[in-house]
Amino acid sequence: MSATVLTASALLLDMDGTLVNSDAVVERCWRRWALKHGLDPEATLKVVHGRQGYATMAVLLPDRPVEENYTDNRVMLAEETADVDGVVPIGGAPAFMAAIADLPHALVTSADSALATARMGAAALPMPAVRVTAERVGASKPDPEGFLKGAAELGFGAADCIVFEDSEAGIAAGRAAGMRVVGVGPRAAALSPDAHVEDLTQIRVEAAEDGTIRLLIDEA
């Protein structure tokens with residue numbers, strides 16, 4: 001393995017697939033939705049990760065009125081929030097969150113506040129004080145709005161932030177925001193992030209005296 005060192009002033013963290021493994025729930029809910037709408041569940045699951053539900057539906061059913069997507073999205077969010085069976089932390093996430101507890105960081109997720117709270121709680125991970133959830137943005141990833149908002153709330157420019165993401169939409173959003181990206185997990189491997197890890201056990205965090213965050217990354 002090769003070691004990569006990245007430095008930043010703040011970290012912006014996706015949730016699903018990055019801190020929390022919620023794939024079991026996501027697959028259960030989206031398979032039901034796909035079958036209901038006559039879609040191939042396997043093809044559906046290839047595009048669901050990283051986006052808000054209504055944005056995924058718009059990709060899969062491009063001719064459907066957007067109002068129907070928003071309605072279905074509300075139902076989907078309620079189902080996902082109520083179902084935390086199998087939700088667990090990504091490897092290394094508890095130690096990683098402990099290491100950055102006193103450093104500038106924010107959660108930037110396509111989940112709404114209730115779903116984020118449910119999943120972080122189920123995975124026994126601390127909820128960051130700064131969080132940008134679905135209600136707080138006008139556009140879903142791959143739009144960079146969420147990451148730019150998170151950086152602004154932490155008080156740093158895009159170039160000073162590093163994004164942690166697992167999905168194509170999320171990595172595209174981080175890049176569009178002008179930020180460096182650490183890809184986490186198998187979905188990120190083929191997307192050419194600035195660094196890639198299988199999970200968060202491969203990352204060590206150091207805090208410099210000037211407040212700079214130093215990431216020592218053992219890449220897969």
Q: Would you work out which of 98, 30, 201 lies farthest towards the positive end of the dipole of the chain? Charges go on Cβ: Lys and Arg +1, Asp and Glu -1.
A: 30
Q | Value of Rg to Rh for segment 94-142 (Rh from inverse mean 1/r over Cα pairs, i.e. Kirkwood) | A | 0.99
Q: Give the long-range amide H neighbours of residue 163: residues separated by 5 or more places, or on another chain, with amide H under 5 Å away, using H modelled in the peptide plane at 1.01 Å from N.
A: 12, 180, 181, 182
Q | Using θ = phi - 60° and Karplus 6.51 cos²θ - 1.76 cosθ + 1.60, couplings along segment 51-59 (whole Hz; Gly, Pro as x) | A | 8, 5, x, 5, 6, 4, 4, 5, 5
Q.
I need the Debye-formula profile for segment 128-178: one equal scatterer per C-alpha, no solvent, reported as log10 I(q)/I(0) at q = 0.25 1/Å, two decimals.
A. -0.99
**Q.** Using θ = phi - 60° and Karplus 6.51 cos²θ - 1.76 cosθ + 1.60, couplings along segment 36-50 (whole Hz; Gly, Pro as x)
**A.** 4, 9, x, 9, 6, x, 5, 5, 4, 5, 6, 10, 7, 6, x
Q. What is the distance in Å between the Cα centres of segment 31-68 and segment 115-174?
A. 22
Q. Sequence-distant or interchain residues sharing an amide H contact under 5 Å with residue 125, placed H: which?
A. none
Q. Got the relative contact order for segment 142-207 handy, in percent, Cα pairs under 8 Å and 6 or more residues apart?
A. 28
Q | Space enclosed by the convex hull of the alpha-carbon atoms of segment 136-220, per residue, Å³ | A | 90
Q: Give, rounded to the nearest 20 debye, the magnitude of the charge dipole that segment 52-185 has about its Cα centre when Lys and Arg contribute +1 at Cβ and Asp and Glu contribute -1 at Cβ.
A: 400
Q.
Give me the 1.4 Å probe accessible area per residue for the chain, excluding ligands and nucleic acids, in Å².
A. 43
Q. Of all the C-alpha pairs in segment 1-131, what % are more than 24 Å from each other?
A. 35
Q) Cα-based Rg of segment 58-144 per 2.2 N^0.38 Å, rounded to two decimals? A) 1.26
Q | Per-residue HN-Hα couplings for segment 100-115 [Karplus 6.51, -1.76, 1.60; θ = phi - 60°; Hz; x = Gly/Pro] | A | 9, 3, 9, 10, x, 7, 9, 8, 10, 10, 7, 6, 7, 4, 5, 5
(Q) Looking at segment 93-174, I'd like the Rg to Rh ratio, where Rg is from alpha-carbon atoms and Rh is Kirkwood's inverse mean 1/r. (A) 0.94
Q) P(r) for segment 70-220: what percent of alpha-carbon pairs falls in each 5 Å bin, starting at zero? A) 2, 9, 17, 21, 24, 17, 7, 2, 1, 0
Q | Positive dipole terminus of segment 1-118, leading residue within 19, 5, 118 (C-beta point charges) | A | 5
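The values are calculated or read from the model by the stated rules, or taken from the named source; none is laboratory data. Remember, predicted model here, so these are calculated numbers, not experimental data. Because the Cβ atoms are built from the backbone with ideal geometry, glycine has one as well, and the counts that use them run over all protein chains shown. For accessibility, only protein heavy atoms count, side chains too; no ligands or nucleic acids. Shrake-Rupley method; radii C 1.70, N 1.55, O 1.52, S 1.80 Å.
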